[in-house]
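Engineer: Quick one: the structure is below, and I'll ask about it shortly.
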Amino acid sequence: MESQQLGFTLDGSSDLKGRPVLRSKTGRWKACSFLVVYEVFERMAFYGIASNLVIYLTTKLHEGTVTSSRNVTNWAGAIWITPILGAYIADTHWGRYWTFTIFSCIYILGMIILTLAVSLPSLRPPECPTNSNSCNKASTLQVGIFYFALYVLALGTGGTKPNISTIGADQFDEFEPKERAQKVSFFNWWMFSAFLGTLIAQTFLVYIQDNVSFSAGYAIPTAGLIISVVIFLVGTPFYRQKIQKGNPFGRIAQVIVAACRKWRVKVPSDPTELHELDPNIYVEQRRLPISHTPNLRFLDKAATKGNTVSQVEESKLRFLNNAEIEGNTKYSAWKLCPVTQVEETKLMIKMLPIWVAMFMPSTMIAQLNTLFVKQGTRLRREMGPHFSIPPACLTLFVTISMLFFIVFYDRVLVNLLKKFTGNPRGITILQRMGIGLIIHVITMVVASIIEIKRINIVKEHHLEGDPEAIAPITIFILLPQFILMGIADAFVEVGKLEFFYDQAPESMQSIGTALFASTLGVGNFISSFLLTTVTKITGRKGHTSWLLNNLNASHLYYYYALLAILNFLNVIFFLVVSHFYVYKRKTNEAFGNNHNLDDMIECVGMSRKAHVDEIMQ
């Protein structure tokens with residue numbers, strides 16, 4: 001086809017000035033290499049703070065176990081919730097590139113303030129006197145500056161997290177078969193690079209923080225983050241930019257309001273009678289229309305003509321674009337929406353039950369840098385006479401197991417399974433996520449059993465009354481729960497990122513990525529809520545609370561068993577909602593294996609050629 005012989009991309013991507021880009025000189029893995037380097041450094045910076053934060057709060061700010069764990073999960077919750085704001089700004093106002101660039105400067109500012117807060121004598125808390133159980137509390141100013149820095153950092157990540165991986169996925173043209181195939185592996189290798197940076201943080205940086213100083217341990221990732229942003233900017237000429245599609249929340253709201261306004265209107269049985277824009281309009285916008293699907297039929301009322309317009313008026317309406325419709329009171333998009341806009345809304349709403357099912361696995365991740373690490377402080381950590389393992393270093397086994405299984409999954413399991421399933425991914429995205437959820441249940445059962453073993457040894461040596469006592473058992477007894485968590489994340493987290501990007505409408509993919517991030521935020525808030533609630537309820541009427549500042553006298557194994565039960569119930573919920581989920585690719589004729597795809601690509605290609613010729617003139 002003539003359109004495929006063009007040197008330009010067919011998906012409407014452009015450079016920063018809005019000019020068409022050449023396929024051979026932009027995008028693909030060449031552009032992604034700059035993004036991957038950024039991701040390695042950024043993950044090193046983020047986990048350089050997060051992995052050992054609970055230790056800093058307890059040893060430097062002198063907070064208790066429950067308080068420090070709650071503060072860490074609240075901060076992590078903010079880190080993963082703010083991406084919704086960043087995604088909205090990117091899709092509605094600034095675009096992904098500029099949103100990322102501006103918020104990365106805020107991110108750097110937060111890291112610099114945080115580094116100063118742990119370095120300057122006037123800002124950091126006083127050290128505890130040697131051989132003393134009493135420590136001077138940090139001043140209100142010192143605590144305030146530290147937490148202010150943490151939340152400035154959280155705001156910065158809000159604009160970077162939902163956009164950097166989306167920019168990476170945008171480097172592959174869905175209309176070109178080879179690039180479309182490469183995109184299938186993109187998210188596996190993206191997560192691989194992310195956890196490579198995490199691995200560095202959980203080994204080198206955590207060791208520096210525990211054995212040199214937190215000042216050096218924070219200054220190094222701050223410098224790394226600055227370098228990574230510079231590397232990102234260097235790669236600018238190679239990036240493909242996607243055109244902003246307008247306010248995604250506004251378009252969803254229009255459909256819901258229009259459907260509610262016409263709740264009495266009967267939806268026609270023939271989908272062709274629903275309102276849709278002329279296909280030429282989508283061609284001009286280098287987009288694919290989304291064909292009607294039978295689910296969530298109430299929303300079809302938004303595209304039902306009813307008494308809104310006459311047939312003559314409808315024929316005129318088909319040749320107006322969205323901006324003209326919205327500016328025309330008679331044809332307000334708050335009263336009548338095209339089928340494609342309705343289907344975009346359906347796609348987002350359909351993902352919400354899956355989104356809810358991802359809260360519990362995110363709650364499990366919150367245990368890694370809080371209770372799992374605190375357990376390690378009460379176990380033997382010596383390796384020889386001169387080396388002691390920092391408790392936070394155990395999280396590197398999560399990363400190692402995850403890195404191994406990502407490669408194993410992409411290179412071995414996918415090739416093996418697709419011979420039987422015919423699916424290019426080996427198994428479906430939801431099947432992959434479901435396997436991870438089951439492993440999460442096993443993880444918490446194992447964690448509960450291991451904690452019972454630790455407490456039994458504590459009681460055998462009569463150490464339960466000493467909050468600083470170290471149980472005479474190696475820290476490596478915790479390895480199974482860390483390794484299992486990494487394997488679970490290789491299934492759940494990679495599948496989750498791919499699901500929310502892949503299944504979101506093209507015009508709302510930043511929002512889709514933000515949904516992925518927000519599950520981690522909600523999961524951390526749930527963890528904080530559970531910690532507080534369980535501590536209060538189990539400590540009533542003179543009973544010993546399950547969670548105490550003294551871990552040697554706590555019943556942490558009960559708490560882990562509770563999490564196992566909640567995860568099991570979540571698996572059942574996930575199986576139900578995933579059974580009724582219909583993938584976007586199955587409901588969109590434009591992506592089917594039929595002649596409509598070739599015809600649409602040809603039309604889009606010709607439109608692309610005309611657009612290029614117009615600019616070149």
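Engineer: Of the conditions (1) touching a residue at least 12 places away in the same chain (Cβ under 8 Å); (2) more than 30 Å from the chain's Cα centre (by Cα), TYR409 clears all except one; give me its number.
Structural biologist: The number of the failed condition is (2).
Engineer: Need a quick list: helices (runs of 4 or more DSSP H) entirely within the stretch 190-280 having at least 3 residues that are at pLDDT 90 or above and acidic (Asp, Glu).
Structural biologist: On the way: elements: 206-211, 214-234, 248-261.
Result: empty, no element qualifies.
Engineer: A further question on this structure: Check GLY426 against each of (1) over 17 Å from ASN567 (Cβ atoms); (2) open to solvent by 10 Å² or more (accessible area, probe 1.4 Å); (3) more than 21 Å from the chain's Cα centre (by Cα) and name the one condition it does not meet.
Structural biologist: Of everything listed in (1) over 17 Å from ASN567 (Cβ atoms); (2) open to solvent by 10 Å² or more (accessible area, probe 1.4 Å); (3) more than 21 Å from the chain's Cα centre (by Cα), GLY426 misses just condition (2).
Engineer: For the stretch 175-196, which residues satisfy the criterion of being open to solvent by less than 50 Å² (accessible area, probe 1.4 Å) and either closer than 18 Å to THR9 by Cβ or of a type in the set (A, V, I, L, M, F, W, C) (or both)?
Structural biologist: Taking the stretch 175-196 and keeping what is open to solvent by less than 50 Å² (accessible area, probe 1.4 Å), we get 175-176, 179, 182-188, 190-191, 193-195.
Passing the criteria: PHE175, GLU176, GLU179, GLN182, LYS183, VAL184, PHE186, PHE187, TRP190, MET191, ALA194, PHE195.
Engineer: Can you pull out every residue in the stretch 345-377 that is charged (D, E, K, R) and either open to solvent by less than 10 Å² (accessible area, probe 1.4 Å) or in a loop (DSSP other than H, G, I, E, B) (or both)?
Structural biologist: Taking the stretch 345-377 first, the residues charged (D, E, K, R) are 346, 350, 374.
Matches in the stretch 345-377: LYS346 only.
Engineer: Further question: Kindly provide the set of residues from the stretch 258-297 that are touching a Phe, Trp or Tyr at 6+ places or on another chain (Cβ under 7 Å), buried (at least 16 other Cβ atoms within 10 Å of the Cβ) and not small (Gly, Ala, Ser), ordered by number.
Structural biologist: Initially, the stretch 258-297 is screened for residues touching a Phe, Trp or Tyr at 6+ places or on another chain (Cβ under 7 Å), giving 258-259, 278, 288-289.
Next, from what is left, pick out any that are buried (at least 16 other Cβ atoms within 10 Å of the Cβ): 258-259, 288-289.
Result: LEU288, PRO289.
Engineer: Hey, any hits in the stretch 528-539 for a residue that's closer than 23 Å to GLY86 by Cβ and touching a residue at least 12 places away in the same chain (Cβ under 8 Å)?
Structural biologist: Taking the stretch 528-539 first, the residues closer than 23 Å to GLY86 by Cβ are 528.
Add one more test, that the residue is touching a residue at least 12 places away in the same chain (Cβ under 8 Å), and what stays is 528.
Yes: the stretch 528-539 contains one or more residues that are closer than 23 Å to GLY86 by Cβ and touching a residue at least 12 places away in the same chain (Cβ under 8 Å).
Engineer: Could you tell me how many of the residues in the stretch 453-484 are assigned to a helix (DSSP H, G or I), open to solvent by 10 Å² or more (accessible area, probe 1.4 Å) and not β-branched (Val, Ile, Thr)?
Structural biologist: We begin by selecting, within the stretch 453-484, every residue assigned to a helix (DSSP H, G or I); these are 453-460, 475-484.
Still in the running and open to solvent by 10 Å² or more (accessible area, probe 1.4 Å): 453, 456-457, 459-460, 476-477, 479-480, 483-484.
Retained after the next criterion (residues that are not β-branched (Val, Ile, Thr)): 453, 456, 459-460, 476, 479-480, 484.
Number of matching residues: 8.
Engineer: Just to be sure, is PHE172 open to solvent by less than 50 Å² (accessible area, probe 1.4 Å) and touching a Cys at 6+ places or on another chain (Cβ under 9 Å)?
Structural biologist: Details: open to solvent by less than 50 Å² (accessible area, probe 1.4 Å): yes; touching a Cys at 6+ places or on another chain (Cβ under 9 Å): yes.
Yes: the conditions hold for PHE172.
Engineer: Looking at this structure, is ILE487 under 25 Å from the mean Cα position of the chain (by Cα), touching a residue at least 12 places away in the same chain (Cβ under 8 Å) and surrounded by fewer than 19 Cβ atoms within 10 Å (Cβ to Cβ)?
Structural biologist: Numbers: under 25 Å from the mean Cα position of the chain (by Cα): yes; touching a residue at least 12 places away in the same chain (Cβ under 8 Å): yes; surrounded by fewer than 19 Cβ atoms within 10 Å (Cβ to Cβ): no.
Considered against the rule, which asks whether it is under 25 Å from the mean Cα position of the chain (by Cα), touching a residue at least 12 places away in the same chain (Cβ under 8 Å) and surrounded by fewer than 19 Cβ atoms within 10 Å (Cβ to Cβ), ILE487 comes out as no.
Engineer: Going by the structure shown, is THR399 at pLDDT 85 or above and crowded, with 21+ Cβ neighbours inside 10 Å?
Structural biologist: no
Engineer: Could I ask something else about it? Looking for whichever is open to solvent by less than 20 Å² (accessible area, probe 1.4 Å) and basic (Lys, Arg) here; the options are LYS541, LYS536, LYS496. Which one fits? Step through it out loud before you land on a result.
Structural biologist: Values: LYS541 fails: open to solvent by less than 20 Å² (accessible area, probe 1.4 Å); LYS536 fails: open to solvent by less than 20 Å² (accessible area, probe 1.4 Å).
Answer to the selection: LYS496.
Engineer: Could you give every pair whose Cβ atoms fall below 8 Å, whose first residue belongs to the stretch 565-583 and is part of a helix (DSSP H, G or I), and whose second residue is hydroxyl-bearing (Ser, Thr, Tyr), counting only separations of at least 6 or pairs across chains?
Structural biologist: Final answer for the pair search is LEU566/THR363.
Engineer: For the stretch 24-41, what are the residues that are touching a residue at least 60 places away in the same chain (Cβ under 8 Å), open to solvent by 50 Å² or more (accessible area, probe 1.4 Å) and not in a helix (DSSP H, G or I)? Quick ask: steps written out before the conclusion?
Structural biologist: Step one: of the stretch 24-41, the residues touching a residue at least 60 places away in the same chain (Cβ under 8 Å) are 25-41.
Then keep just the ones that are open to solvent by 50 Å² or more (accessible area, probe 1.4 Å); that gives 25, 28-30, 33, 37, 41.
Hit for the stretch 24-41 is LYS25, nothing else.
Engineer: Looking only at the stretch 306-317, decide whether some residue is modelled with pLDDT of 85 or more, of a type outside the set (Val, Ile, Thr), more than 30 Å from GLY64 (Cβ to Cβ) and buried (at least 16 other Cβ atoms within 10 Å of the Cβ). Don't jump to the end; show me each part of the working.
Structural biologist: From the stretch 306-317, those modelled with pLDDT of 85 or more are none; that's our starting set.
Checked the stretch 306-317: no residue is modelled with pLDDT of 85 or more, of a type outside the set (Val, Ile, Thr), more than 30 Å from GLY64 (Cβ to Cβ) and buried (at least 16 other Cβ atoms within 10 Å of the Cβ).
Engineer: Just a yes or no: is a residue in the stretch 225-241 free of Cβ contacts under 8 Å to residues at least 12 places away in the same chain, closer than 28 Å to GLY495 by Cα and open to solvent by 60 Å² or more (accessible area, probe 1.4 Å)?
Structural biologist: Within the stretch 225-241, the subset free of Cβ contacts under 8 Å to residues at least 12 places away in the same chain is 230.
Okay, now just the ones that are also closer than 28 Å to GLY495 by Cα, so none.
No, the stretch 225-241 contains no residue that is free of Cβ contacts under 8 Å to residues at least 12 places away in the same chain, closer than 28 Å to GLY495 by Cα and open to solvent by 60 Å² or more (accessible area, probe 1.4 Å).
Engineer: Looking only at helices (runs of 4 or more DSSP H) that fall completely inside the stretch 42-141, which ones have 3 or more residues that are touching a strand residue (DSSP E or B) at 6+ places or on another chain (Cβ under 8 Å)?
Structural biologist: Numbers: elements: 53-59, 65-81, 83-89, 95-119.
Correct list: 95-119.
Engineer: Return the residues of the stretch 416-452 that are in a helix (DSSP H, G or I), of a type outside the set (Val, Ile, Thr) and touching a helix residue (DSSP H, G or I) at 6+ places or on another chain (Cβ under 7 Å); say none if nothing qualifies.
Structural biologist: Taking the stretch 416-452 and keeping what is in a helix (DSSP H, G or I), we get 416-421, 429-452.
With the extra rule that they be of a type outside the set (Val, Ile, Thr), the set shrinks to 416-420, 430-434, 436-437, 440, 444, 447-448, 451.
Hits for the stretch 416-452 are LEU430, ARG432, MET433, GLY434, GLY436, LEU437, HIS440, MET444, ALA447, SER448, GLU451.
Engineer: Kindly establish whether SER69 is within 24 Å of TYR501 (Cα to Cα) and in contact with a helix residue (DSSP H, G or I) (Cβ under 9 Å, 6 or more places away or on another chain).
Structural biologist: So SER69 fails the test.
Every residue, every condition in (1) under 29 Å from PHE214 (Cβ atoms); (2) in contact with a Gly (Cβ under 8 Å, 6 or more places away or on another chain), yes or no:
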| position | (1), (2) |
| --- | --- |
| ALA31 | no, yes |
| SER69 | yes, no |
| GLY77 | yes, yes |
| ILE89 | no, yes |
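The values are calculated or read from the model by the stated rules, or taken from the named source; none is laboratory data. None of these values were measured; they are calculated from a predicted model. Glycine gets a Cβ as well: all are built from the backbone with ideal geometry, and neighbour counts include every protein chain shown. With ligands, DNA and RNA removed, areas are computed over all heavy atoms of the protein, side chains included. Shrake-Rupley method; radii C 1.70, N 1.55, O 1.52, S 1.80 Å.
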